[in-house]
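Step one of this worksheet: look at the structure below.
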Amino acid sequence: MPFDVTDLASAVLFMTRHPLADLIAVRPRPDDPTGMVAIGGAVTPEALLMAVPLGIFPWTGEAPIPWCSPDPRAVFSPRSIRVSRSLRKSLRNRGYRVTYDHAFDAVVRACATTPRPGQPGTWLTPNLTEAWSVLHKAGFYHSVEVWSGEHLVGGLVGMALGSGFFGDTMFHRARDASKVGFVTLLRELNGSGYTLVDAQASTPHLRSLGAMLLSRPSYSVQLKAALRARSAPGSWKEGIPVVVVPDASSGSPED
């Protein structure tokens, strides 16, 4: 990349000048929890692959599209997660089965249609989910499915880049189902060498699982470190591949 990803202003300038983007930069407002930094353009696979490594993502697919970089940012370390007593019981006794990339479209549909308290509609518009589907087929976007018998009762979707997983949305239809999927995912990511799980904006649900809040500069440093790792795009059906982290003694690759 032609700039340091820890510099948000440069990242926004890069996006707004890119021919694929067609965005207008806006000044982030301290009272705006979304951290909107640009508006407009279109949600396409190319735009997502450009924005996410910059710490920017579309808040919704509805036009005019707000492109956001919240400050503070909710993140998890795969090495540490808060598991309550009741969640430990669900992990042991509820008989849930967790898979990866077995039912991507079904998970996305469930995330879009499962009712949420205080949320009358959905931000998952067709243009957004179509872009996710293209990137899933290309091996960048992944789904986590939680099953009770043959019934899909929970799940989540997100993008994998380097040693980072960038979560977008989750759903549940049974008690603790999405939490079981998320905790299982974190354990698998930790075993495969992932260092960063980006949960975007803070919510009580995420904080209950141990989400950390990072300032934008601190988040950007972790993001840059995660992007130095190498992970080949591909299906996770047979498991999450191990990422390759460059040896620090060999020097940093050029941005």
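General observations
- Among the candidates D105, D168, residue that is at pLDDT 95 or above, of a type outside the set (V, I, T), under 27 Å from P53 (Cα atoms) and surrounded by fewer than 20 Cβ atoms within 10 Å (Cβ to Cβ): D105
- Residue that is surrounded by the fewest Cβ atoms within 10 Å (Cβ to Cβ) [pool: residues in the range 205-223 that are out of contact with any helix residue (DSSP H, G or I) (no Cβ under 9 Å at 6 or more places or on another chain) and closer than 13 Å to T195 by Cα]: V221
- Some residue of the range 37-53 being out of contact with any Leu (no Cβ under 8 Å at 6 or more places or on another chain), of a type outside the set (D, E, K, R) and not assigned by TED's automatic domain parsing to the domain that holds G210: yes
- Qualifying residue in the range 187-194 (condition: closer than 23 Å to G61 by Cα, surrounded by 20 or more Cβ atoms within 10 Å (Cβ to Cβ), touching a strand residue (DSSP E or B) at 6+ places or on another chain (Cβ under 8 Å) and in the same structural domain as D101 (by TED's automatic domain parsing)): no
- Any pair with Cβ under 6 angstrom, 6 or more apart, that starts in the range 41-68 at a residue that is closer than 23 Å to S163 by Cβ and ends at one that is hydroxyl-bearing (S, T, Y) and crowded, with 23+ Cβ neighbours inside 10 Å: G55/S69; I56/S69
- Residue match in the range 80-96 (condition: surrounded by fewer than 17 Cβ atoms within 10 Å (Cβ to Cβ), assigned to a helix (DSSP H, G or I) and of a type in the set (G, A, S)): yes
- Any hit, the range 18-32, residues being outside the structural domain of G162 (by TED's automatic domain parsing), touching a strand residue (DSSP E or B) at 6+ places or on another chain (Cβ under 7 Å), free of Cβ contacts under 8 Å to residues at least 40 places away in the same chain and over 21 Å from Q200 (Cβ atoms): yes
- Listed conditions (1) modelled with pLDDT under 95; (2) over 18 Å from the mean Cα position of the chain (by Cα) are all met by K179, apart from (2).
- Put simply, of G154, G164 the only residue that is in contact (Cβ under 8 Å) with a residue 24 or more places away in the chain, within 17 Å of P246 (Cα to Cα) and assigned by TED's automatic domain parsing to the domain that holds T125 is G164.
For (1) among the basic types (K, R); (2) closer than 28 Å to L223 by Cα; (3) in the same structural domain as G149 (by TED's automatic domain parsing), each residue gets a yes or a no:
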| site | (1), (2), (3) |
| --- | --- |
| K89 | yes, no, yes |
| Y96 | no, no, yes |
| Y100 | no, yes, yes |
| R109 | yes, no, yes |
| T114 | no, no, yes |
| L124 | no, yes, yes |
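- When we screen V197, V242 for residues that are of a type in the set (V, I, T), touching a residue at least 40 places away in the same chain (Cβ under 8 Å) and surrounded by fewer than 19 Cβ atoms within 10 Å (Cβ to Cβ), the only hit is V242.
- Candidates A74, A38, A110, filtered to the one that is in contact with a Lys or Arg (Cβ under 9 Å, 6 or more places away or on another chain), crowded, with 18+ Cβ neighbours inside 10 Å, in contact (Cβ under 8 Å) with a residue 12 or more places away in the chain and in a strand (DSSP E or B): A74
The values are calculated or read from the model by the stated rules, or taken from the named source; none is laboratory data. Here the structure is a predicted model, which means the values were calculated and not measured. Quick reminder, even Gly has a Cβ in these numbers, built from the backbone with ideal geometry, and neighbours come from all protein chains shown.
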